[in-house]
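Report on one structure; see the data block that follows.
The values are calculated or read from the model by the stated rules, or taken from the named source; none is laboratory data. Not measured: the values here are computed from a predicted model. FYI the Cβ positions are ideal-geometry reconstructions off the backbone, even for glycines, and counts take in every protein chain you see. To get the accessible areas, we keep the full protein, side chains included, count just its heavy atoms, and leave off ligands, DNA and RNA. Shrake-Rupley method; radii C 1.70, N 1.55, O 1.52, S 1.80 Å.
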Amino acid sequence: METYRLKNIVILILVLLNICLLALVASRSYAGHQADQALITNTTALLQRNNISIDASLLEGTSSSLVYSYTRDDTAELEFVTALLGPITTQSDYGGGTHFYANANGSASFRSNGSFSLTMTSELYAENFREFVRTYCPAQYRLNTIQSDGDRTTVTATPYTDDFPVYNASITFIFEKQALISASGFLIPSAETAPEAAETITRSSAVIYLMDHCNEEGRVCNTITEISAGYILQSTVSAPLLLTPVYRIDTNTYSYYVNSITGHVSLAG
């Protein structure tokens, strides 16, 4: 009997302990939510005092907290250009990080920062542009836009990492009467890398950095229309292919990238 009572007492203590822990977690979560809402309210008020309007809901959410560094993938380059041109008959290293590929169907040049340009001299047709992107682009690229002007069609595909877009690393295909005539943009390796974790700023901090930047540069900004999170591709001496998390902030005049780690502001191209 004593053992049975002791067992019940232990179970009761464990249940009460779990209840206390849940209450503590709920309390902290509520306090965090209240702090976030207070920050959004104060940020919105500060922007309004500076004649900048914004929908408060745009300040909710965060960016990626990971930084990716890639090395050049010669195999991926060759596979990409071979898929479009066919078997390569000429392959050269021009120095300075430039690789050249060619055959009777066209030629392509790739640089160490991931950028490339390709020209077709034969005809490769696309009956369905969405399917064309699925077939010829690396798996992490998704169809972004299709724009037609008469017989010419421009198709843009954007790479994604962790479901965040890499804003400045798209591939653009140019078609004439559905025949590919050229391609250019950036080829990001799809191989997994070990990302580095970083502490990132909030959207509220990002718009304050933007406000200060516009004031310093004398740029007009009256309305913030959209805020999204993603990456930009950068090239440094130590990391020629570096994915840095950013907020993209669209305004009534310009679009900007705000570095999610440093707060540095730059114009979106």
Among residues belonging to the stretch 31-58 that are among the aliphatic types (A, V, I, L, M), closer than 15 Å to Y209 by Cβ and open to solvent by 30 Å² or more (accessible area, probe 1.4 Å), point out the one that is modelled with the lowest pLDDT.
-> L39
Would you say G230 is in a loop (DSSP other than H, G, I, E, B), at pLDDT 95 or above and open to solvent by less than 10 Å² (accessible area, probe 1.4 Å)?
-> no
Pick out the one residue from L210, L241 that is open to solvent by less than 40 Å² (accessible area, probe 1.4 Å) and at pLDDT 95 or above.
-> L210
Restricting attention to strands (runs of 3 or more DSSP E) lying wholly within the stretch 123-218, give those where 1 or more residues are without any contact (Cβ under 8 Å) to a residue 24 or more places away in the chain.
-> 141-149, 152-161, 171-176
Search result, residues across the stretch 59-92 that are open to solvent by less than 30 Å² (accessible area, probe 1.4 Å) and within 22 Å of S228 (Cα to Cα) = L59, S63, S64, V67, Y68
Only one of (1) surrounded by 14 or more Cβ atoms within 10 Å (Cβ to Cβ); (2) closer than 30 Å to L267 by Cα; (3) acidic (D, E) does not apply to D149, and that is (1)
